[in-house]
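So the structure is just underneath, and the comments pick up after that.
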């Protein structure tokens, strides 16, 4: 039995939306639409070129969610666009009601579902603080005691008595987060809103949320597409896909599953070692297209799996669509799909004539990579005489691989990163320090 206190519990939660036109705006229009459907005729109130097949159909935004969140947890919620993340948070905040299932919440909720939610634009920042506090059931004296901390954290002191309709989106976020973080609520819910703030404020918000969970025992639910912030804040993570909860557990495993699902959606296969890119989804539309990588094969491998220190060898077929005096290759390595680890910035592939193809073998010493799953991007580019690069081909990603650790120590990737510098990179001399006494 788990003796932890429950903060939120969802049981068999479903949310169904009706697609297409719900109402015509007037009783007359609704009666006209109904009579047309009865007779099997075209709806006279649907605009031209609207797909009438959607009328009357339903969309399951959430389809049977079972989830328990405990007090003091920082829970990350990730998934592709349309997976149901925002819908779940709206149900928890009682913005809308579930179609089926039960939601039990033990405590008051402070939420930021989007910029400006819960704020009255005509009221000043200070008045909105009182409004939000009153919604949470706090007295004026309780809000007064926290007002100075809220203003100081929000960094909008000079504008606190200005109507918030004049705030920028960044100012909105700063004040709204400060209110949610400082007023007495047992549960904080954040939906990607921190992306609007500047970097320094994002860091301050993440630190505040982490303290709220770890030191104050509050429950934090955080939705983001930024996997680095999920790693920094959360100690548990769930993955949603097409309205269903497909994973609940370790943060790194959740992120790996999410990245794998993203790859599978683009036609990738786990461990794949040979690729034809003629019509491949990863090719970026932002490339100029003067050169192409048509094929890639990881050499001497049945799976894209490497031991720590093992070199990576792969073959490329490169086609020049125009003449190049010097076509160049850049290799970029990212951990888990989104954290840059390092790059080989500029390798010369030589001259190309229009229509010419070359088969090239690359030996890549990636011995510093530690245990984990990586994404490798390939970029073909040319450079002018002043060093400006013009990307001709962008494969994002070209392939994915996994490194199995054989380190002599247990590697702490969360604290140390994903690249190990060789011991030979450090030279130690005894007795050479000079001190000013």
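Where a number appears in this text, it was derived from the coordinates with a stated rule and is not lab data. If you're wondering where the values come from, they're calculated on a predicted model, not measured in any experiment. Positions of Cβ are generated from backbone atoms using ideal geometry, with glycine treated the same way; all protein chains shown enter the neighbour counts.
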Fraction in percent of alpha-carbon pairs per bin - 10 Å, the stretch 84-130 | 21, 44, 26, 8
Taking semi-axes √(5λ) of the Cα gyration tensor in Å as the quantity of interest, determine which of (1) 45, 34, 23; (2) 39, 26, 22; (3) 50, 32, 17 was computed from the displayed structure.
-> (1)
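Within the chain, what percent of beta bridges assigned by DSSP are antiparallel, to the nearest 5? Please report the intermediate quantities before stating the final value.
On the way: 69 of 90 bridges.
The antiparallel proportion sits near 75 percent.
Is the C-alpha gyration tensor of the stretch 321-421 telling us rounded, prolate or oblate? Criteria: a/c under 1.5 is rounded; beyond that, a/b larger than b/c is prolate, otherwise oblate. Don't jump to the answer; show the numbers that get you there.
Working: a/c = 2.74, a/b = 2.39, b/c = 1.15.
Note, shape of the stretch 321-421 comes out prolate.
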Between helix 27-38 and the chain: long-axis angle, C-alpha atoms, 0 to 90°, nearest 10 | 60
Using the 10 angstrom Cβ neighbour count as an exposure proxy, how do 373, 140, 203 rank, fewest first?
-> 140, 203, 373
Highest GNM mean-square fluctuation, the chain, Cα pairs closer than 10 Å: which of 376, 344, 13?
-> 344
Rounded, prolate or oblate (a/c below 1.5 giving rounded, otherwise prolate when a/b exceeds b/c) for the stretch 384-437 by Cα gyration tensor = oblate
Treating the angle as unsigned and between 0 and 90°, give the value, to the nearest 10°, between the Cα long axis of helix 199-214 and the longest Cα principal axis of the chain.
-> 70
Neighbouring Cβ atoms within 10 Å as the yardstick, rank 149, 363 fewest first.
-> 363, 149
Please label the shape of the stretch 115-236 as rounded, prolate or oblate, based on the square roots a ≥ b ≥ c of the eigenvalues of the alpha-carbon gyration tensor (a/c under 1.5 means rounded; beyond that, a/b larger than b/c means prolate, else oblate).
-> oblate
Taking every Cα atom in the stretch 271-374, find the radius of gyration and the maximum pairwise distance Dmax, and write them in Å.
-> 14.6, 42
What angle do you read, to the nearest 10 degrees and between 0 and 90, between the alpha-carbon axis of helix 251-265 and the longest principal axis of the chain?
-> 80
Among 285, 98, 163, residue whose mean-square fluctuation peaks in a GNM of the chain (springs only between Cα atoms under 10 Å) = 285
For the chain, with a Gaussian network of springs between Cα atoms less than 10 Å apart, report the residue from 180, 425, 366 with the top mean-square fluctuation.
-> 425
